1. From the mean inverse distance of alpha carbon pairs (Kirkwood) and the Cα radius of gyration, derive Rg over Rh for the protein assembly as shown.
2. Which shape class, rounded, prolate or oblate, goes with region A:93-133 when its Cα gyration tensor gives a ≥ b ≥ c as root eigenvalues, a/c under 1.5 marks rounded, and past that a/b bigger than b/c marks prolate?
3. From the Cα gyration tensor of region A:164-215, with a ≥ b ≥ c the square roots of its eigenvalues, which class applies: rounded if a/c is under 1.5, or else prolate if a/b is larger than b/c, or else oblate?
4. Count the net charge of all other residues whose Cβ sits under 11 Å from the Cβ of B:G238, scoring Lys and Arg as +1 and Asp and Glu as -1.
5. Of B:I69, B:I168, B:I22, which has the largest mean-square fluctuation in a 10 Å C-alpha GNM of chain B?
6. Enter the mean projected area of the convex hull around the alpha-carbon atoms of region B:65-159, in nm², rounded to one decimal.
7. Is the C-alpha gyration tensor of chain B telling us rounded, prolate or oblate? Criteria: a/c under 1.5 is rounded; beyond that, a/b larger than b/c is prolate, otherwise oblate.
8. Less than 12 Å from a label point 7 Å out along the Cα-to-Cβ axis of B:I75: which backbone N atoms in region B:118-159 qualify, by residue?
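Only the coordinates and a few stated rules stand behind these numbers; no lab work does. These figures come from a predicted structure and were not determined experimentally. Positions of Cβ are backbone-derived with ideal geometry, glycine not excepted, and every protein chain shown enters the neighbour counts.
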Amino acid sequence: MSDMTNPPRRRLRLGTIMDHAILIIGVLVMVLPLVMLVQMSSIPDTEIIKTGPSLHFGDQLDDNFEKAMFGATGFSGENAGTRMLMNSLILGIGFAVGKIVIGMMAAYAIVYFRLRFATLAFWVIFTTLLLPLEVRILPSYEVVQNLGMVNTYHGLIIPLIASATATFFFRQFFRSVPEELVEAARIDGAGPVRFFIDILVPLSQTMIAAMFIIMFVFGWNQYLWPTMITTEEGMFTLVRGIKQIVQVLEGNRVPEFGRANLLAIIAVVPPVLIVVFFQSWFVKGLTESDK
Amino acid sequence: MKKAGFTQAWLPILLLVPQLSIILIFFYWPAAQAVQSSFYLQDPFGFGSTFVGADNYTDLLGNAEYKRIAWFTVIFTVSVTFLSLSLALLLAVKADKVIRGAKGYRTLLMWVYAVAPPVAGFIGLIMFNQSWGPITRTFAALGHDLKIGVNYWDTAGAMIAVSVWKQIPVNFIFFLSGLQSIPRSVREAALIDNRSASSRFWGVTFPLLAPTGFFLLIINITYALFDTFGVIDTLVKGEPGNNPMTLVYKVYVDGFRGNDLGGSSAQSVILMVLVLALTVFQFRMVERRIHYT
């Protein structure tokens, strides 16, 4: 027994060092690209095209920040960073809130009510989990176009909500809520609306928070749909703007790397901060949504 | 549904209306349209369309370029899935093992989850920049000239590398939570039975992770097929040319750029069938239970 609890010390140490070495390499691979982005936005564009990324940090960070946030390159001049940041926030928050509200309502109806067509509703809703928007992207665009919703916020957000991930998630959670709660509520004379607002919603707080984080990041990071549905520069999100950034880089003799890199950083920072700060909720929501 | 449910008739319908109307308008209507227009040939100038039966499908399946893209999609999907799963598993096993700095490692390894695919592609463009990209330089030092956007397989390699980088965090999170849910008693029993760490891993830990791994397999295939659009579009700078592309990218290129609505719709329908087949497969596997708990 003593032999087992105290394995040879040397070997253990070597093993631990190896473990850390592998983890550190992994961390470097994950982190270095972002450090490189920051470094490149701190030096003048002329230096970038000569040396590329290096270990030298310059003093251009605030200059480039200024350019990225308030300068505009497009035809209409409406694609400044602040505008794109606002659009990204509208998309991220609008998508997350819409999805959670609609999903909770539908899940409540499916789990807590006797419905004659419950099975049908269930299948109609959950088939949407199977086909991602990318598969039906063109006809979706046509539908939105026919409804005159191109270049509008609702045209951007609502079609993205047309999938049942949140509904499914809340259905799983509601089913795990003890039966006695409903019975108790009914004995106390609480109707379904009261029960939902006073008991179920407070009970779901952690789940709502987790869903919000996942959905916000998902909405914020949308690319293909915004690329198709927003053609006016005033409607661009930061992530949608990446496409333009790349094309601008192509055209110029001294490409505006500083501005481009800074915009990429701004596009990355808010969702990363949310994921890092609310890590435990986020991980819980992610790993539990799929069981 | 709960046994002790409510019996109101109108309220649940009211609650379901928003969800149902959104998916009817923005899911079923477009999906039905895709199926319908896959049997028509649209006039490129918008003057009506002609019913052509299954022509769009037979054209596609006989098309050499489509076959080539389908093959590339298979290679791409297999590489991305295999590499991101195995690297994430390695990191998760190590992160589960170390005591010092476990939380720090976890955070630093998972933050890339929040990076949007096109931003990952943009970072890739810098790493693989023709004249000064760090990776290009490394390869040059090793004697290979990377030419992203020019050389087919170089570009393919960059696409795979960026897509794997972006996908490792998700897999890492799931594997780590899977590892941490293995009961202590099982670990201790394995420690007693088996002294060799590697046979303990393959004999005990790995099979216990099988449900997680299988679930992730499907997630990763779907990711490689659909969510890598942003990576690919950015890496080829929106100009596919002779560069490698996946089937989803082709749907977009033909439909949106080439105005070939019928052909693009037929491709959409083929992808839908593919995804449905994948899901049926998933359900059947889950039913057969690779669960041990």
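1. 0.98
2. Oblate shape, in that a/c is at least 1.5 and b/c is the bigger or equal ratio.
3. prolate
4. Cβ neighbours under 11 Å give a net charge of 0.
5. In the Gaussian network model the winner is B:I22.
6. Its Cα hull, projected and averaged over all orientations, spans 8.1 nm².
7. Values: a/c = 2.16, a/b = 1.21, b/c = 1.79.
In terms of gyration-tensor shape, oblate.
8. The answer is B:152-158.
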